[in-house]
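These notes are about the structure you will find just below.
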Amino acid sequence: MFWRKESSVKLSNELHSSDKSQVYLVTELNKDEYRHRLDALDLMREILNEEKINLPEIVVAGDQSVGKSSVLEALSGIQLPRAQNICTRCPLELRLKNSMNDAEYATIRCKGEEEEKITDLDDISQYVKRLTQTLAGDGVNVSSDPIYLTVYKQNIPDLTLIDLPGITRNPLPGQSKDIYKQIITLIDKYIQPETAIVLHVIPASVDFTTSESVKISKNYDPEGKRQLIAVSKIDKFDKGIGEKLQGKGPGSMKLEFGCVAVLNRSPEEIEEEISFEEMKQREKAFFKKNHHAFHQVPEELLGSDQLVKKLADIQQDIIRSTFPKIIEEIKQKLREKKIELSALPVAITSELECWTKFNELTTLYRIAINTKVNGEYGNEPMNDLRTVNVFNFDEKESIYWENKLTLPSEQPPTKHVTDERIAYHFYKFQVDCQNKIQSCFADFFHPIYCEKVLKLLEETAGVSLPNFPSFQVISRLYQQEKYRLRTPCLELVKRSKEYLKTILIRLFDKVFTTVNYPRLSERLKDLILDHIDTAEEKCFERVNEMLDIEERVFTLNHYYMDTVNKIKLKQKKYEEDNEFPDGTNKNGQSDDAIYKIDNTKINFAEVSNEKMAAFDIQIAMFSYCKVVQKRVCDNVAQYCYYYFITKCALVIDTKLNTSCISADLFKLMIEPAEITKKRNKLEESIRKFAEALRVGQESM
């Protein structure tokens, strides 16, 4: 080996004594349970490297050129790559394994490279350099992909460390301008989890609090409960180093796991190929020689052996405390990935499979629509639709006076309806339309309206006998009322269309988004919306046609004459009750002067002989408009139901089934590349989590 060199007799004796203590240390730390768990975690960490799960690990971090590689060499007894500037350019997961026989060897691998066995430990440095170039290139840039180096060596405790690139702020020639950000992002990834223990490597002469890795760790561990410091280059110590190692005095830090001082090999000792075993003896001799500086420092804070023991103890504790939780977390992740995979559509491989799946989906869609149309709502909330506030009599009267018989055409907006009770809401829309139509006509028995009729009668004087008013008066008065019907009727069509569009798309999403065929869904949604638009066009056409028909004043409905006769009889009775025997009227009015019919008040006391002709026209207008209201309300409600429900919602599945030919359907349902990529990624994740779970459970 490269460090093989003759040593003095005294140093040989010291080595012999050191071997005994080292064997004892290894025996204490390498218990079977711990070794099995550590082996399992190492393998699980490698399996789950690209998955978001936190496993216990000890991360080695520090600024560039602080002696990280030298500390790792002292801990492992193997030589790692060195460079004048940056030498660690990708994470190195160093796994130390106590060899149970005389064979000492190593294995190494990385992403894209098969595992290789290294029989000569002197060659490890060259292998690491080669794989670093594979991952990070020939220059000086870094990579986040790790190298896995497992070293089987006698008399070393089982220990796993992850060495990260040293932090540098100033890019080297040929290095990315954002190299600092790349390295910080990489360090963040490793030290952020609560299961990560951070081993800072900081030179003895440096203020510990100024270390970049310490500053980063404070973001995730402000109290320093999972940090310790390997104090490198201890031969360059300053005055007060003893207190500094114990977390006291200027430049020190109080951390949960404290500090351990380590003596690095100097460039001259490396050149002379001084072995690591001999360096340990020189390290002990160094602390004895500088007894004045370290005499008050506890023994467990001095030397690489003590650092190894501390790290192994920490690793044992964290594995013991977190391993059961890790197993449960992996189980949970595995369940989540399986659920996510099951939510993806079944991959379609033939046109027959396309039609089978497509017919299944459209059938489910048809059933969902029919259920809502037939009033089968299940457990849906029965929140009443808030209808429009119509004018009460007093409000209507005041508006009547202000606007000279002109009522506002726009009504207050209704609350937007979003639940899926189709039958219920269509009925409520129709009732709302009915209320609006009933309130849109003038108050025909209001004194102002009577004056209007009298003026029209005056204009038509000479056309017919005084007691036979011209039909033109009725026609002219009706034309002024008829136009008010259009707004509530067309509003019902629009409301029905908008509501149905919202609900049919929502029901569609409930059926089709569960299988996630995005291209097919977009195509079918367009067809559904087109179908609803067509229904709206036809409904508008029929409703407008109906309103045009209402231009003619005509009815065969007996309700017209029934209403006229009912009012006439009431008027006659009032006149009889309020007439003297000589035929003159009594002063005042009887209790039955006010007659109420369909929420309309008629004051017979205001009807004089001069106004009798106008009153007959008022009765005719009131009675005929009631017929029109009933006729229009029924017809517009029927048209909306027929075109939006019967000819649209209830047959929309047939429309969808006839809209696609087999070739087009196969193109629309074939799995998109992004879904295939997602499926493959999920399947790979499931495989990894399942494998990691098996490894973990076997170690328990």
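Figures for the structure shown
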| item | result |
| --- | --- |
| Candidates Arg82, Arg89, filtered to the one that is buried (at least 20 other Cβ atoms within 10 Å of the Cβ), modelled with pLDDT under 90 and either of a type outside the set (S, T, N, Q) or under 23 Å from Ser304 (Cβ atoms) (or both) | Arg89 |
| Set Glu283, Glu300, Glu272, Glu329: member being closer than 26 Å to Gln79 by Cβ, surrounded by fewer than 18 Cβ atoms within 10 Å (Cβ to Cβ) and either of a type in the set (D, E, K, R) or touching a Cys at 6+ places or on another chain (Cβ under 9 Å) (or both) | Glu272 |
| One residue from Gly77, Gly62 being at pLDDT 90 or above, touching a helix residue (DSSP H, G or I) at 6+ places or on another chain (Cβ under 6 Å) and either under 23 Å from Ser266 (Cβ atoms) or not hydrophobic (A, V, I, L, M, F, W, C) (or both) | Gly62 |
| Residue match in the range 93-103 (condition: closer than 24 Å to Ala312 by Cα, free of Cβ contacts under 8 Å to residues at least 24 places away in the same chain and among the aliphatic types (A, V, I, L, M)) | yes |
| Condition met for Arg282 (among the basic types (Lys, Arg), closer than 30 Å to Leu43 by Cβ and either more than 49 Å from the chain's Cα centre (by Cα) or modelled with pLDDT of 90 or more (or both)) | no |
| Yes/no for Lys218 being over 41 Å from the mean Cα position of the chain (by Cα) and among the basic types (Lys, Arg) | no |
| Lone qualifier among Lys655, Lys667, Lys626, Lys630 - being assigned to a helix (DSSP H, G or I) and at pLDDT below 90 | Lys667 |
| Which listed residue is charged (D, E, K, R), within 29 Å of Tyr643 (Cα to Cα), at pLDDT 90 or above and more than 32 Å from the chain's Cα centre (by Cα), from Lys501, Lys525, Lys494 | Lys494 |
| Pairs, first of a type in the set (Val, Ile, Thr) in the range 36-50, second surrounded by fewer than 21 Cβ atoms within 10 Å (Cβ to Cβ) and modelled with pLDDT of 85 or more, C-beta under 6 Å, six or more apart | Ile47/Glu691 |
| Residue that is surrounded by the fewest Cβ atoms within 10 Å (Cβ to Cβ), among those in the range 545-555 that are under 18 Å from Asp634 (Cβ atoms) and touching a residue at least 24 places away in the same chain (Cβ under 8 Å) | Thr555 |
| Test: residue in the range 247-267 that is assigned by TED's automatic domain parsing to the domain that holds Gly77, under 33 Å from the mean Cα position of the chain (by Cα), at negative phi and surrounded by fewer than 22 Cβ atoms within 10 Å (Cβ to Cβ) | no |
| Single residue of Tyr220, Tyr190 found to be within 16 Å of Val59 (Cα to Cα), among the aromatic types (Phe, Trp, Tyr) and buried (at least 17 other Cβ atoms within 10 Å of the Cβ) | Tyr190 |
| All positions within the range 111-144 that are in a strand (DSSP E or B) and touching a strand residue (DSSP E or B) at 6+ places or on another chain (Cβ under 6 Å) | Glu115, Glu116, Lys117, Ile118 |
| Residue match in the range 164-183 (condition: closer than 24 Å to Cys259 by Cα and under 34 Å from the mean Cα position of the chain (by Cα)) | yes |
| Yes/no for Thr356 being among the β-branched types (Val, Ile, Thr) and at pLDDT 90 or above | no |
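The values are calculated or read from the model by the stated rules, or taken from the named source; none is laboratory data. Remember, it's a predicted structure, so these values are computed and weren't measured experimentally. Counting neighbours? That spans all protein chains shown, and the Cβs are built from the backbone with ideal geometry, glycine included.
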